[in-house]
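Structure first, commentary second.
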Amino acid sequence: MSKVVNRFLKYVKFETTSDENSATVPSTTNQLEFAKIIGKELEEIGLTDVSIDENGYVMATLPSNMDKQVPIIGFIAHMDTSPDMSGKDVNPKIVENYNGEDIVLNEEKNIVLSSTDFPEIKNYIGKDIITTDGTTLLGADDKAGIAEIITAMEFLIDNPDIPHGTIKIGFTPDEEIGRGANYFDIEKFNADYAYTLDGGPIGELEYENFNAATARISIQGTNIHPGTAKNMMVNSMLIGMELNSMLPVNERPEYTENYEGFYHLVGYNGSVENTEMTYIIRDHDMGKFNIKKENLKKIVEFLNYRYGDIIVLNIEDSYYNMKEKILPFIEIVHIAKKAMEELEIEPIINPIRGGTDGARLSYMGLPCPNLFTGGHNYHGKFEYIPIFAMEKAVDMILKIIELYTL
Ligand SMILES: [Zn+2]
C-alpha cells in the first residue's frame with residue numbers, strides 16, 4: 001500500500017466532525033486531538049516551525065534548498081468532516097480492481113453504491129477504490145487532502161536533491177461549518193500564494209466561486225381570535241408565502257446550474273403572530289448578485305407599503321467570488337493547469353457552486369485556488385476515492401512545486 005493510502009486510512013479513523021451549533025474554537029475537541037496527531041507526524045517527517053495553535057490550526061514549513069529566490073507556496077487542507085453525516089467509526093473498504101458493477105457497501109443494511117446512480121464511477125474500472133461501509137461518510141473531504149500534502153512533503157524531505165522553494169502547509173478546523181478561515185493567521189503562514197486541496201474528482205481546478213449572502217426576514221403579524229378577526233388579523237405566515245411567491249421560481253437551486261445564481265429558502269418558522277424566514281442568495285457575477293439582493297429589498301418594500309411596515313429584512317454578505325482576487329495572479333492557476341497537463345491529467349475547470357476556505361483566504365490577502373483531492377460524493381455514505389487519484393494528487397503537488405522553481 002502506498003504511503004498516501006496508509007496515511008489516509010489512518011486519518012479517517014479519527015472522528016473530526018465539526019459542529020455548527022458549537023461556539024468553541026475549534027467547534028469540537030476531537031479536531032484538536034487530531035491536530036496534535038498531525039502536528040506530531042509533521043515533526044517526525046522533518047518539517048520545521050511546526051505549530052498547533054489554541055484554535056486548532058496546524059502550520060509547518062519546508063525550508064527552501066535553493067539559492068534562487070522563488071515564491072513561497074502554501075498548501076492547505078481541512079481537518080474536519082461534514083456534520084451532514086456521521087464521521088464516527090469510519091470503516092473504509094478497499095475495492096480492488098473495480099469491475100464496473102454496483103458496489104455493495106453494506107450487505108446487512110442493503111446499502112449499495114450504484115453505478116447507475118453514480119455513473120462516473122465507471123471511469124475507474126480496473127482501479128482500486130476506497131469506499132465506506134455504508135454507515136458513515138468516508139472523510140476523503142478533506143483527509144485525502146491532508147494525506148496528499150504530507151506525503152508530498154515527506155517525498156521532498158526524503159529526496160533532498162530535488163530543488164524546491166520554501167513550502168508552507170496549513171491544516172484548518174471547521175471548514176465544513178464555514179469557519180475554516182476565521183482564525184487563519186495569514187501573516188504567520190507567510191506564503192505568497194497557496195492552494196487548497198479540497199476539490200473533488202481528479203482534474204478539478206477551481207478559482208471561481210459564488211458571491212454569497214444570507215437574508216433574514218422577520219414578519220410581525222397580528223393575532224386575534226379568528227372568530228372576531230375581520231379587518232384586524234394579519235397572518236404573518238401568509239405574508240411570508242406571498243413574499244416567497246414574488247421571487248423568481250426559476251432562480252432556485254433545483255432549477256439552476258453552472259453560472260446561474262439562486263435564492264434558496266433555507267428556513268421558515270411561522271405563526272400567525274410572527275414569521276421568520278431565511279434565504280441564502282448566490283451568484284458568481286457581482287452585478288447579478290447585487291441585483292438579486294436589490295430585488296428582495298424591493299419586494300419587502302412593496303409588502304411593507306401594502307401591509308404597513310411589518311417586515312424587517314437583514315441581508316449580510318458571507319463571502320465573495322475569489323476570481324477577482326485570483327485574476328491579478330492568474331499565473332498560479334496556469335501553473336496548476338500546466339502541472340496537471342504534464343502529468344497527463346485533464347484539467348477540469350468549473351465554477352464552484354458554493355464557497356471554499358480558499359475564497360475567504362483570497363480576500364484576506366492569500367490568493368488561493370482549489371485543487372482536486374480525487375474524491376467523489378462528499379458529505380454522505382456514498383463518498384469514495386480512487387487510490388490512483390490520490391497518488392496523482394501527490395504528483396501534482398510535487399509538480400507545482402517544481403514549476404515554481406523554473
Ligand atoms: Zn472539503
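By how many nm would the segment from ASN99 to THR222 lengthen if fully extended, with 0.36 nm per residue of separation less the alpha-carbon distance?
37.9 nm
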So the compactness index of the chain, its C-alpha Rg divided by 2.2 N^0.38 Å, takes the value 1.10
With label points set 7 Å from each Cα along the Cα-to-Cβ direction at GLU276 and GLU346, the distance between them in nm comes to 4.8 nm
Relative to the chain, whose Cα atoms define the longest principal axis, helix 140-158 and its Cα axis are tilted in degrees, nearest 10, by 30 degrees
The range 138-190, convex hull of Cα, quarter of hull surface, nm² -> 4.6 nm²
Taking a crude spin-label model, label points 7 Å out from Cα along the C-beta direction, the THR48 to GLU301 distance in nm is 6.0 nm
re the range 317-380: pairs of Cα atoms spaced beyond 14 Å account for a percent value of 63 percent
Helix 29-45 sits off the longest principal axis of the Cα atoms of the chain, rounded to the nearest 10 on a 0 to 90 degree scale, by 20 degrees
The chain: relative contact order from alpha carbon pairs under 8 Å, six or more residues apart, as a whole percent, is 23 percent
tail above 26 Å in the computed P(r) of the range 106-240, as % of all Cα-Cα pairs, reads 56 percent
Taking r as the C-beta separation of LYS337 and TYR259 and R0 as 25 Å, the FRET efficiency to the nearest 0.05 is 0.80
CD proxy, 222 nm, the chain: helix-only mean residue ellipticity via -39,500 (n - 2.57) per DSSP H run with n ≥ 4, per residue, nearest 500, stands at -9500 deg cm²/dmol
For the range 1-152, using Cα atoms only, the Rg and Dmax in Å read 18.0, 60
For the chain, the longest principal axis of the Cα atoms and the Cα long axis of helix 331-342 enclose an angle in degrees, to the nearest 10, of 60 degrees
Computed over the range 56-117, protein heavy atoms only, probe 1.4 angstrom, the accessible area per residue in square angstrom equals 51 Å²
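How large a share of the accessible area of the range 136-236, in percent, is made up of carbon and sulfur atoms when the probe is 1.4 Å and the other protein chains stay in place?
The computed percentage sits at 47.
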Rounded to one decimal in nm, the spacing of the 7 Å Cα→Cβ label points at GLU33 and ASN6 is 2.4 nm
To the nearest 0.05, the calculated FRET efficiency linking LEU238 and MET364 through their beta-carbon distance, R0 being 45 Å, is 0.55
Percent antiparallel among DSSP beta bridges confined to the chain, nearest 5, equals 75 percent
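The values are calculated or read from the model by the stated rules, or taken from the named source; none is laboratory data. Just so it is clear, the model here is predicted, and its values are computed rather than measured. Virtual Cβ from ideal backbone geometry, glycine too; neighbours counted across all protein chains shown. Keep in mind that these areas ignore ligands, DNA and RNA; they rest on the heavy atoms of the full protein, side chains included. Shrake-Rupley method; radii C 1.70, N 1.55, O 1.52, S 1.80 Å.
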